[in-house]
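**Q** What follows is a single structure, and I will ask about it in a moment.
The values are calculated or read from the model by the stated rules, or taken from the named source; none is laboratory data. Source: prediction; values computed, not measured. Cβ atoms come from the backbone with ideal geometry, glycine included; neighbour counts cover every protein chain shown. Accessible surface areas use protein heavy atoms only, side chains included; no ligands, DNA or RNA. Shrake-Rupley method; radii C 1.70, N 1.55, O 1.52, S 1.80 Å.
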Amino acid sequence: MFQSVRKNPKSTEVPVVLTAEGITVAFGGFVAVKGMNLKLYEHDLHFLIGPNGAGKTTMLDVICGKTKPVSGAVKLADGTELTRLKEHQIVRKGVGRKFQAPSIFGGLTVQENLTLAAETRRSPLQALGIQRYGKISSAMERITRQIGLQDRVHTRAGALSHGEKQWLEIGMLLLQEPRVLLLDEPAAGMTDEETHKTGRLLQEIARERSVVVVEHDMEFVREYAAKVTVMHEGKLLKEGTMAEVQEDPRVAEVYLGKRRDDHAVAETN
Ligand SMILES: Nc1ncnc2c1ncn2[C@@H]1O[C@H](COP(=O)(O)OP(=O)(O)O)[C@@H](O)[C@H]1O
Ligand SMILES: [Mg+2]
């Protein structure tokens, strides 16, 4: 066993958390994703990149159950097949999704938003347990600090900056204790400073969970990605470290060739 660990550390040492295999998605007659595969390991900070329309968001939609594929499977390590489940069941299985539009309550404070998120995680049985309640408040404290909003707990969420709102939402997702976190362009619209804070936050989160990030900003990917999957026209084009991906001439061709369009639509999708 030790020998095989040395030979192939990636496949034997780090457990696989989620496997998407042969995912095909059609919208009417248009096939947006074509036999796509994606494997997610424990502690991954895995970036999904590619030109606009490549099918990145659709892949996240399939994993979280928002979109059902015409074929293919998404399996957790315990064998659970997610494409058969409803969205809320997939959340309970430990897969959390952050959409581009924030879903925080602007009229409530940071703390109230976090409390609501923590409450929805609790089952009725857990809700009766004082011990569990203690655990929740310590998790809330830790997560509030992690997202950098410890001095903003009594601020109305609606009054937060754009970046702070995104972090609050990430905090709300963390309170659901997901094993897998899916984020669609989390740094979109952020200042440089906010973008770096977000990158560091994602690195920290990946120490405990697996994180998938759909991203447009190549600088951001270069700096923070542990692993990169490039999609093009619904298919996997290349997978590897950022250096490996950048070396592939096909990536430069499809990605950089369409980069200008990407920027034009980045605001709208
Ligand atoms: N609900 C939908 N109905 C029809 N076409 C869609 C729908 N969602 C996405 N598409 C199309 O599928 C393709 C992939 O979209 P998407 O996954 O959003 O790409 P990306 O996130 O990589 O930019 C695009 O051509 C898009 O127009
Ligand atoms: Mg998208």
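**Q** Computed FRET efficiency, Cβ-Cβ of Thr19 and Glu219, R0 30 Å: what is it to the nearest 0.05?
**A** Result of the calculation: an efficiency of 0.50.
**Q** Amide H to amide H under 5 Å from Leu237: which residues, 5+ apart in sequence or cross-chain, H placed 1.01 Å off N in plane?
**A** Answer set, sorted by chain and number: Val230, Met231, His232.
**Q** Please list the non-local residues whose amide H lies under 5 Å from the amide H of Glu208, H modeled 1.01 Å from N, same-chain partners needing a gap of 5 or more.
**A** none
**Q** With θ set to phi - 60°, apply the Karplus curve 6.51 cos²θ - 1.76 cosθ + 1.60 along region 103-120 and write out the HN-Hα couplings as whole Hz, x wherever there is a Gly or Pro.
**A** Values per residue, Gly and Pro as x: 10, 8, 9, x, x, 9, 6, 3, 4, 5, 4, 5, 4, 4, 5, 5, 5, 5 Hz.
**Q** What's the extension gain from Ala243 to Ser138 if we count 0.36 nm per residue and subtract their Cα-Cα distance? Display every interim value, and only then the final one.
**A** On the way: separation 105, 0.36 × 105 = 37.80 nm, distance 3.95 nm.
Fully extending the segment from Ala243 to Ser138 adds 33.9 nm.
**Q** Could you put His88, His46, His196 in order of accessible surface area, largest first, with the 1.4 Å probe and the full protein assembly present?
**A** Output order, biggest surface exposure first: His88, His196, His46.
**Q** Using θ = phi - 60° and the Karplus form 6.51 cos²θ - 1.76 cosθ + 1.60, what ³J(HN,Hα) does each residue of region 80-91 get, whole Hz, x for Gly and Pro?
**A** Running phi through 6.51 cos²θ - 1.76 cosθ + 1.60 with θ = phi - 60° gives 4, 9, 6, 5, 8, 9, 7, 3, 5, 5, 5, 4 Hz.
**Q** Using modelled amide H (1.01 Å from N, peptide plane; none on Pro or chain starts), what sits under 5 Å from the amide H of Arg97, excluding residues fewer than 5 places away?
**A** The answer is Leu182.
**Q** Relative to the present Cα-Cα distance, how much length would full extension add between His196 and Val70 at 0.36 nm per residue of separation? Intermediate values should be presented prior to the final figure.
**A** Working: separation 126, 0.36 × 126 = 45.36 nm, distance 3.79 nm.
Extending this stretch completely gives an extra 41.6 nm.
**Q** Another question about this same structure. Once phi is turned into ³J(HN,Hα) by the Karplus curve 6.51 cos²θ - 1.76 cosθ + 1.60 with θ = phi - 60°, what whole-Hz value does each residue of region 64-78 show in order, with x for glycine and proline?
**A** 8, x, 6, 10, 9, x, 6, 8, x, 9, 10, 10, 7, 4, 7
**Q** For region 43-85, what class follows from the C-alpha gyration tensor (a ≥ b ≥ c being the square roots of its eigenvalues): rounded when a/c is under 1.5, otherwise prolate if a/b is larger than b/c, else oblate? Don't skip to the end; give the middle numbers.
**A** Working: a/c = 2.71, a/b = 1.33, b/c = 2.04.
Oblate.
**Q** Under a crude label model (7 Å from the Cα following the beta-carbon direction), how far is Glu253 from Ala159 in nanometres?
**A** Spacing of the two 7 Å Cα→Cβ label points: 5.5 nm.
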